[in-house]
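Below: one structure, written as structure tokens.
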């Protein structure tokens, strides 16, 4: 796998569920893989002060975010014996119930795939300059902060 | 000297713009610029703001002509 090449992470709008199936299918020829681990982030209809979130509009400091994604990939490949790793994150509006983050790690064995996947998710949430505007059903909004 | 300043998320909303070029005195620090803009645009939750200079968050240095300074609110990816 071309693990050193910077990859495009951002996708416009929601990540289609079909992308997950396609990604799995694309790895069936790589028979040194014995385990995939997948994390999917889905937009939750949080209720805040009596108002319900209907969508999150994501924006990012894209150039910096792409370089941090690359650093996270480099760190993950040096920490974990993974065969490959793919990350996709939405930009723009993603409605509740739709997917905004897709992390896909593969390894010979399950433990490494799972640990690496978790590492990616935690690093992305903590260190990538992505911002989320939570839009309520009444079209007001507030800015999301990761917990 | 001129620096290119970028604003994101809630900060861009407070500033009413996503970027601008500012003419600063030579020797201005990141901290000076941060305080100046927070006051100018009445940006809330100043303690939660991180500043990236040329995409680097570790930047306790003087600004240089041509630097790109980004005002980043708390991250919310995932």
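We did not get these values from a lab; they are worked out from the coordinates using the rules stated. None of the values given here were measured: they were computed from a predicted structure. Virtual Cβ from ideal backbone geometry, glycine too; neighbours counted across all protein chains shown.
Per-residue Cβ counts within 10 Å, from other chains only, averaged over A:126-136: what number is that?
Across the residues of A:126-136, the mean count of other-chain Cβ atoms within 10 Å is 5.
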Could you give the distance between the Cα centres of segment A:102-141 and segment B:7-78, to the whole Å? 26 Å
Relative contact order of chain A: what whole-number percent is it, with Cα pairs under 8 angstrom and at least 6 residues apart? 36 percent
Want the number for residue A:70 to residue A:40: 0.36 nm per residue separation, take away the alpha-carbon distance, what's left? 8.8 nm
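Taking the mean number of other Cβ atoms within 10 Å as a proxy for protection, how do you rank B:68-77, A:56-65, B:32-41 from highest to lowest?
Details: B:68-77: 22.2, A:56-65: 20.1, B:32-41: 15.2.
In descending order of packing, they fall as B:68-77, A:56-65, B:32-41.
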Simple label model, 7 Å out from Cα along Cβ direction - residue A:12 to residue A:27, nm: 2.8 nm
Measure nothing but the geometry: give the 0 to 90° angle between the long axis through the Cα atoms of A:62-79 and the longest principal axis through the Cα atoms of chain A, rounded to 10°. 40 degrees
R0 = 45 Å: FRET efficiency of residue A:118 with residue B:32, Cβ-based, nearest 0.05? 0.65
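If you average the sequence gap of Cα pairs under 8 Å that are 6 or more apart and divide by the length of chain B, what percent do you get for the contact order?
Working: 128 pairs, mean separation 32.7, N = 78.
Reported as a whole number, the value is 42 percent.
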Once both axes come from the Cα atoms, what is the angle between helix A:17-26 and the longest principal axis of chain A, in degrees from 0 to 90, rounded to 10? 10 degrees
Nearest 10, in degrees from 0 to 90: the angle of helix B:30-41 to the longest Cα principal axis of chain B is 50 degrees
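Using helices alone, what [θ] at 222 nm do you get for the protein assembly as shown, with -39,500 (n - 2.57) per DSSP H run of 4 or more residues, divided over all residues and rounded to the nearest 500? Spell out each step's value before the answer.
On the way: 5 runs with 65 residues, N = 225.
Per the formula, -9000 deg cm²/dmol.
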Across all Cα atoms of segment A:94-147, Rg and the largest Cα-Cα distance (Dmax), in Å, are 15.0, 48
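Grab the alpha carbons of segment B:2-72, take their convex hull, and tell me the volume per residue in Å³. Before the final figure, lay out the partial values.
Details: hull volume 5.4 nm³, N = 71.
So the per-residue hull volume is 77 Å³.
Highest mean first, what order results for A:97-108, A:75-86, A:23-34 on Cβ atoms within 10 Å? Show your work: numbers first, answer last.
Details: A:97-108: 21.1, A:75-86: 17.2, A:23-34: 11.5.
Highest mean packing first, the order is A:97-108, A:75-86, A:23-34.
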Under 19 Å from a point 7 Å along the Cα-to-Cβ line of residue A:146: which residues of segment B:39-78 have their amide N that close? B:47-53, B:55-58, B:70-78
Be a star and scan segment A:84-105 for residues whose amide nitrogen sits under 18 Å from the point 7 Å along the Cα-to-Cβ vector of residue A:52. A:94-99
Taking every eigenvalue of the Cα gyration tensor of segment A:10-143, multiplying by 5 and rooting it, what semi-axes result, largest first, whole Å? 30, 16, 12
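Could you compute Rg(Cα) / (2.2 N^0.38 Å) for the protein assembly as shown, with N its residue count?
Numbers: Rg = 19.4 Å, N = 225, 2.2 N^0.38 = 17.2 Å.
That ratio works out to 1.13.
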